[in-house]
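Working notes, beginning with the structure itself.
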Amino acid sequence: MKSKVAALVVACSLVLAAPVAILPSAPVAYAADASGTTASISEILKQQRADGGWRKDYSQTSGEWAKSTIDNKATYTEIRRLAAEYKKTNNSKYSAAAIKGINFLLNMQYSNGGWPQVYQASGYHKHITYNDNAMINVMILLDEVANRKGDFSFIDSTLANKSKQAVDKGVQCILNTQVVVSGKLTAWGQQHDSSTLKPAGARVYEVPSLTAQESVPIVKFLKTRTQTTAIKNAIKGAEDWFKAVKLTGIRVVKQNGDVVVVNDSSASPIWARFYEIGTNKPIFVGRDGVVKYKLSDIEQERRTGYAWYGTWPNSL
């Protein structure tokens, strides 16, 4: 899973007496993406694993991260690059590797429609993973494969149909994992238990909760589907939840190497990354794993090293 590093990306348009930066709409600088985003095509071919997927970091040789994964843009990026290379060169070694990768994604999918972060993993890596849009990005790719869009025009009808079925199962998983509180549909967690489908924790500072960030691209994808009653209800439930949990009268600034929340009655609405299930209280967790209700109550390293606030729902 991408570690949120560095600090919040800052805006410099309001430079007054003190060097204060206001939280913009793109609030975090991410760690480097997976190796496949920058590797050469020849290296991508060389690094494809026997199961058809790719590691996040090609140099990793042991542990969970030596397995095929969809974290940090791994695997679906290699597939896209191979498909593009085949379209450019008409060399079948690229289409064959892309097809092998697509079949891996189909095999990776759980029977309930979800995708884990890491294939045949243990611990939180086996959870259904919405974090960093991993599952949604896989579904976007498979939807293109199913419709033979763009660089995937070479896909045969059998694989296209299998991809469509996988996307349909994925949509059903999305509907089944949407959290219901007091009879109302709300949002989703960063990850969900692959058996119970309930929100689950990952790293110690990522506890079971509702996430404003990853729920936005889920809603965006649902809006591209045929609008059944269930899908319409899911979208409305999430959008109503976004409205209910928006935060007003505050802004988040970075100053003197720290991130702080200040009162500002004129500030535009923002959202917390995580909300407590049932109370909708914004929550913040440090490396001790203890839930706090103020950003200032966790250690500075976590305050500055994670995207605790953002404006994600504004893009809906």
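The values are calculated or read from the model by the stated rules, or taken from the named source; none is laboratory data. Since this is a predicted model, take the numbers as computed values, not measurements. Please note: Cβ atoms are built from the backbone with ideal geometry, for glycine as well, and neighbour counts cover all protein chains shown. Keep in mind that these areas ignore ligands, DNA and RNA; they rest on the heavy atoms of the full protein, side chains included. Shrake-Rupley method; radii C 1.70, N 1.55, O 1.52, S 1.80 Å.
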Being hydrophobic (A, V, I, L, M, F, W, C), outside any strand (DSSP E or B) and open to solvent by 30 Å² or more (accessible area, probe 1.4 Å) is the requirement here; does I231 meet it? no
Read through the list (1) crowded, with 17+ Cβ neighbours inside 10 Å; (2) farther than 21 Å from W241 by Cα; (3) among the small types (G, A, S), then give the number of the only condition that A187 fails. (2)
Within the stretch 173-190, work out how many residues are farther than 19 Å from A272 by Cβ and among the β-branched types (V, I, T). 3
Output the number of residues of the stretch 289-309 satisfying the condition of being among the basic types (K, R), surrounded by 14 or more Cβ atoms within 10 Å (Cβ to Cβ) and without any contact (Cβ under 8 Å) to a residue 60 or more places away in the chain. 2
Going by the structure shown, is A244 under 30 Å from E299 (Cβ atoms), open to solvent by 40 Å² or more (accessible area, probe 1.4 Å) and assigned to a helix (DSSP H, G or I)? yes
Index of the failed condition, A134 passing every other in (1) part of a loop (DSSP other than H, G, I, E, B); (2) touching a Phe, Trp or Tyr at 6+ places or on another chain (Cβ under 8 Å); (3) within 30 Å of E276 (Cβ to Cβ): (1)
Taking the stretch 257-288 and keeping residues open to solvent by less than 10 Å² (accessible area, probe 1.4 Å) and either over 18 Å from G201 (Cα atoms) or modelled with pLDDT under 95 (or both) leaves V259
With respect to I270, determine if the residue is of a type outside the set (D, E, K, R), under 20 Å from the mean Cα position of the chain (by Cα) and under 23 Å from D193 (Cβ atoms). no
